[in-house]
Amino acid sequence: MRDANVFHLFLRGPTGLKLEYTSAETTAMVDEYLEEHALPSRDGFRSFGVYKGANGRAEVVELTHSSISLLFPPLWILNQRFYEGALALLLAILTAGMVSIWAGAIAYLVSGFTMFKNQEKFIDSFLALRGFRRVQYVANISEAAVQLEAIKNDIRLNFMFPTPEVHAIQERYKRKKRIEARKKEQSSSS
């Protein structure tokens, strides 16, 4: 808990955190907070990545492992909105299939296994080709909730597919900036 905000962490590896014992006051404060506000169950949470590109463009991508990548790799790539990669994979599998039906089957199986094992790396690579880099790794219930959390950290994020709530928040921010610019302009002209 920090500044009356409770953090619920999901860890996948070393974090470099220094953990200390809490005081009796802090423990009592956390207990009181938990009685008033129930923490959500971890069962509905999924992993998401927030990627930022040039000009503040942003995209939220689900990073939860999908069995579609193992069974239908080209379909999984299409689901990630990387159309060039799906076309290249289909052409590679078809080319191998033209050489030999067994070569095509092996190419399909190897591509499926590779996609399944390295999904997060492929997503990072797909988006890096478009000029995006991951700025946040978030566990939340939905993409809409992730967008709301991300916009709190950086209001200038321009999501490709914004939710209505995020759009409304950004419009209020833009309106506020225009008003501040007008006031500044009026004060400098006076």
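Give the residue that is modelled with the lowest pLDDT, with candidates limited to residues of region 83-124 that are among the β-branched types (Val, Ile, Thr) and surrounded by 15 or more Cβ atoms within 10 Å (Cβ to Cβ).
As a first pass, look at region 83-124 and keep what is among the β-branched types (Val, Ile, Thr): 93, 95, 99, 101, 106, 110, 114, 123.
Keeping just the survivors that are surrounded by 15 or more Cβ atoms within 10 Å (Cβ to Cβ) gives 93, 114, 123.
Numbers: 93: 94, 114: 92, 123: 88.
The qualifying residue modelled with the lowest pLDDT is 123.
Could you say whether any residue in region 70-82 is crowded, with 17+ Cβ neighbours inside 10 Å, in contact (Cβ under 8 Å) with a residue 60 or more places away in the chain and either under 24 Å from the mean Cα position of the chain (by Cα) or not in a helix (DSSP H, G or I) (or both)?
Quick first cut of region 70-82, residues crowded, with 17+ Cβ neighbours inside 10 Å only: 70, 73-74, 76-78, 80, 82.
Still in the list and also in contact (Cβ under 8 Å) with a residue 60 or more places away in the chain: none.
No, every residue in region 70-82 fails to be crowded, with 17+ Cβ neighbours inside 10 Å, in contact (Cβ under 8 Å) with a residue 60 or more places away in the chain and either under 24 Å from the mean Cα position of the chain (by Cα) or not in a helix (DSSP H, G or I) (or both).
Which one is nearest to residue 138 (Cα to Cα), of the residues in region 53-69 that are part of a loop (DSSP other than H, G, I, E, B) and in contact with a helix residue (DSSP H, G or I) (Cβ under 7 Å, 6 or more places away or on another chain)? Lay out the reasoning, then the answer.
Residues of region 53-69 part of a loop (DSSP other than H, G, I, E, B): 53, 63-67.
Within this subset, residues satisfying the condition of being in contact with a helix residue (DSSP H, G or I) (Cβ under 7 Å, 6 or more places away or on another chain) are 63, 65-66.
On the way: 63: 10, 65: 15, 66: 17 Å.
The selected residue is 63.
Can you tell me which residue among 122, 113 is under 19 Å from residue 75 (Cβ atoms) and under 15 Å from the mean Cα position of the chain (by Cα)?
Details: 113 fails: under 15 Å from the mean Cα position of the chain (by Cα).
Only one candidate passes the filter, namely 122.
State the number of residues belonging to region 1-52 that are at pLDDT below 80, aliphatic (A, V, I, L, M) and either surrounded by 10 or more Cβ atoms within 10 Å (Cβ to Cβ) or touching a helix residue (DSSP H, G or I) at 6+ places or on another chain (Cβ under 6 Å) (or both).
4
Do we find a residue being among the hydroxyl-bearing types (Ser, Thr, Tyr) and either under 18 Å from residue 56 (Cα atoms) or at pLDDT 85 or above (or both) anywhere in region 142-149?
Taking region 142-149 first, the residues among the hydroxyl-bearing types (Ser, Thr, Tyr) are 142.
When the remaining residues are screened for being either under 18 Å from residue 56 (Cα atoms) or at pLDDT 85 or above (or both), the result is none.
Checked against the condition, which is being among the hydroxyl-bearing types (Ser, Thr, Tyr) and either under 18 Å from residue 56 (Cα atoms) or at pLDDT 85 or above (or both), region 142-149 yields no hits at all.
Inside region 128-153, can you point out the residues that are buried (at least 16 other Cβ atoms within 10 Å of the Cβ) and of a type in the set (Lys, Arg)?
134
The values are calculated or read from the model by the stated rules, or taken from the named source; none is laboratory data. Source: prediction; values computed, not measured. Cβ: placed from backbone, ideal geometry, glycine included. Neighbour counts: every protein chain shown.
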